[in-house]
Amino acid sequence: GDALVVAISKRIGAVLDHRDSLARIGGDDFVILLDAMSDSLKTLTRDTTSIATKVLSVFDKHFKVADKLLRVSARVGINVFGGENVVPEKLINQAESAMYRAKELNERVVFFDETIQKNLIEQLHLEYDLEHALNNEEVTVYYQPQVDKTGRVKGFEALMRWEHPEKGFISPVEFIPLAEKLDIMPQLQELVFRHVCSVVKVMERDESIAENFRIAVNISACQFIKDDFEKAVTSVLSRYEVSPERITIEITEGTLLTEIDVAMRQMKRLQSLGFDLSIDDFGTGYSSLAYLQKLPVNEIKIDKRFVDELEHSDAGRSIVDVIIYLAKQLSCRIVAEGVEIESQLRYLLDQDVDLIQGYFVAKPMSLETLLVWQHNI
Ligand code: C2E
Ligand code: CA
Ligand code: CA
């Protein structure tokens with residue numbers, strides 16, 4: 001028995017972070033204390049469940065104790081706490097009662113807090129729905145115009161949309177993490193590229209659009225650094241006979257940080273094929289200026305957070321000015337996003353920002369709406 005408990009502790013310990021604590025509090029009861037989880041209920045539910053799943057996965061393989069192979073099963077009860085007046089005994093009791101409920105319900109993970117538990121169940125349903133969304137053609141792409149200082153449309157940003165049959169539109173911020181977890185991002189991304197290619201074909205016939213227009217596509221970090229990413233993209237493009245010169249690839253600073261060397265090589269390859277590369281949400285990550293100058297970047301996007309600050313403070317304006325200065329030094333095109341009011345537009349154009357994107361110009365639209373919009377401006 002003791003040897004088994006030791007073996008279990010070792011395996012659980014190995015899947016935890018160094019900041020987490022693991023204790024056996026008696027018999028076959030273990031307590032794991034996780035520190036500094038997110039304040040957002042959604043993120044917190046997701047992160048704690050994913051840790052619980054990792055912990056449970058250590059029981060997938062049998063344990064070998066005293067030359068015997070033993071199968072062990074486990075359940076997890078989760079209790080969330082924060083702030084003051086924390087009573088440890090109470091927390092543990094509540095976590096324990098959640099664990100017993102897990103046994104009752106024959107679930108592997110149950111939260112003590114009912115709201116969080118409901119949230120978890122909802123997320124699980126959503127995951128299930130998302131797996132079917134692709135086949136049911138519920139996922140589509142919206143387009144948000146980018147205009148130059150004369151108001152001419154120079155391009156669009158392609159933004160993924162999931163129209164849930166009951167829940168309506170679900171934000172990409174919400175479903176992309178689920179898609180990543182389910183490993184269906186490659187299929188979703190391909191869908192976006194197919195959509196974008198067909199739109200390029202439509203736009204190439206439209207004279208109201210600048211001849212050198214581009215459509216920007218967002219790529220998540222885990223997609224971008226994959227070896228087969230370039231092949232996946234170019235094969236869709238060649239099927240539709242669309243030139244890479246029609247496509248800007250948007251990545252965030254976070255993408256660069258995950259694996260800078262891999263990302264850099266990927267960027268160089270893509271750029272040599274004719275794609276433009278854009279750094280999205282510039283200034284919100286931790287990119288170091290030292291390697292920024294080494295990166296093959298064609299465009300920098302000023303994040304909405306900075307555009308919002310233009311109204312409010314001199315400091316806010318200074319940050320935007322610095323980003324613009326920097327982008328110019330690096331010979332990058334500058335796009336400001338999230339432009340909602342005329343005064344922001346004026347300021348940004350006075351500072352020589354190349355492209356404007358935001359509700360002030362137009363919201364993201366379906367292709368049909370976009371075509372109507374285009375002929376009315
Ligand atoms: P993002 O790339 O920063 O996209 C800009 C977001 O700001 C979009 O949200 C857009 O609808 C919104 N927006 C644009 N102008 C305004 C404005 O004037 N005011 C306000 N309040 N919002 C504005 P959306 O469409 O919900 O997309 C959220 C995020 O989801 C995107 O942020 C992007 O990171 C991600 N995403 C969207 N489509 C894809 C995709 O195909 N692939 C990947 N990997 N990520 C995607
Ligand atoms: Ca973007
Ligand atoms: Ca952005």
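The values are calculated or read from the model by the stated rules, or taken from the named source; none is laboratory data. Please read all numbers here as calculations on a predicted model, not as lab measurements. Glycine gets a Cβ as well: all are built from the backbone with ideal geometry, and neighbour counts include every protein chain shown. Side chains are part of the model used for accessible areas, which takes the heavy atoms of the whole protein and leaves out ligands, DNA and RNA. Shrake-Rupley method; radii C 1.70, N 1.55, O 1.52, S 1.80 Å.
Helix 185-204 and the longest principal axis of the C-alpha atoms of the chain enclose an angle of approximately 10°. With a sphere of radius 12 Å drawn around the Cβ of GLU230, what net charge do the other residues whose Cβ falls strictly inside it have (Lys, Arg +1; Asp, Glu -1)? Within the 12 Å Cβ shell, the charges total +3.
First check a/c for segment 79-235, with a ≥ b ≥ c the square roots of the eigenvalues of its C-alpha gyration tensor; if it is under 1.5, answer rounded, and if not, answer prolate when a/b is larger than b/c or oblate otherwise. Here segment 79-235 falls in the prolate category. Taking label positions 7 Å along the Cα-Cβ direction at both THR150 and ARG108, the computed distance is 6.0 nm, reported to one decimal. Largest GNM mean-square fluctuation among MET203, MET160, MET267, using the chain with Cα springs under 10 Å: MET203. The string of couplings for segment 74-83 from the Karplus curve (6.51, -1.76, 1.60, θ = phi - 60°) is 8, 10, 10, x, 10, 10, 10, 8, x, x Hz, one whole number per residue in order, with x for Gly and Pro. Tally the DSSP beta bridges in the chain and give the antiparallel ones as a percent, rounded to 5. Here the antiparallel bridges make up roughly 45 percent for the chain.
Each DSSP beta bridge with both residues in segment 2-112 is either parallel or antiparallel, and the antiparallel ones are about 75%. If you take every residue apart from SER278 with its C-beta less than 11 Å away from the C-beta of SER278, what net charge results, scoring Lys and Arg +1 and Asp and Glu -1? My count for the surroundings of SER278 gives -4. Within the chain, which is the longest segment that contains none of the GluC sites (Glu not before Pro) sitting in a DSSP loop with at most 10 other Cβ atoms within 10 Å? Within the chain, the longest run free of exposed GluC sites (Glu not before Pro) spans 242-377. Counting heavy atoms of the protein chains alone, CYS222 has an accessible area of about 60 Å² for a 1.4 Å probe. The label-point distance for VAL5 and VAL322, in a model that sets each label 7 Å from Cα toward Cβ, rounds to 5.5 nm.
How much length, in nm to one decimal, is gained on full extension between VAL87 and THR53, taken as 0.36 nm per residue of separation minus their Cα-Cα distance? Let's see the in-between values first.
Details: separation 34, 0.36 × 34 = 12.24 nm, distance 2.64 nm.
Between VAL87 and THR53, full extension yields 9.6 nm more.
Measuring r between the beta carbons of GLU131 and SER288 and using R0 = 41 Å, the FRET efficiency lands at 0.60.
Pairs to check: LYS231/LYS304; LYS226/LYS328; LYS201/LYS268; LYS226/LYS294; LYS54/LYS118. Give those whose C-alpha atoms are more than 24 Å from each other in this structure.
Values: LYS231/LYS304 32 Å; LYS226/LYS328 30 Å; LYS201/LYS268 26 Å; LYS226/LYS294 21 Å; LYS54/LYS118 21 Å.
Listed pairs above 24 Å: LYS231/LYS304; LYS226/LYS328; LYS201/LYS268.
Here the extension length gained between GLU342 and ASP60 equals 95.6 nm, from 0.36 nm per residue of separation less the Cα-Cα distance. Take the alpha carbon gyration tensor of segment 124-376, find the square roots of its eigenvalues, order them as a ≥ b ≥ c, and report rounded if a/c is under 1.5; if not, report prolate when a/b exceeds b/c, else oblate. Verdict is rounded for segment 124-376. Taking the longest Cα principal axis of the chain as reference, the axis of helix 260-273 is set at about 30 degrees. Our summary gives the chain a relative contact order of 11 percent, counting only alpha carbon pairs under 8 angstrom and 6 or more residues apart. Under a Gaussian network description of the chain, with springs only between Cα atoms under 10 Å, the residue in LEU33, LEU292, LEU130 that fluctuates furthest is LEU33. Angle of helix 88-105 to the longest C-alpha principal axis of the chain, folded into 0 to 90 degrees and rounded to 10: 90°.
If you filter segment 150-235 for trypsin sites (Lys or Arg not before Pro), then keep DSSP loop positions with at most 16 other Cβ within 10 Å, what is left? Kindly include the intermediate steps, with their values, before the conclusion.
Values: sites: ARG152, LYS154, ARG161, LYS167, LYS181, ARG194, LYS201, ARG205, ARG214, LYS226, LYS231; in loops: ARG152, LYS167, ARG205, LYS226.
Hits after loop and neighbour filter: ARG152, LYS167, ARG205, LYS226.
For segment 1-91, trypsin sites (Lys or Arg not before Pro) meeting the loop criterion (DSSP other than H, G, I, E, B) and having at most 10 other Cβ atoms within 10 Å: ARG19, ARG71. The C-alpha atoms of segment 248-353 occupy a region whose extents along the principal axes are 39, 25, 22 Å, arranged from largest to smallest.
By accessible area, using a 1.4 Å probe on protein heavy atoms only, the chain has 50% of its surface on carbon and sulfur. Within the listed set LEU182, LEU70, LEU270, the Gaussian network model of the chain (springs between alpha-carbon atoms below 10 Å) gives the highest mean-square fluctuation for LEU70.
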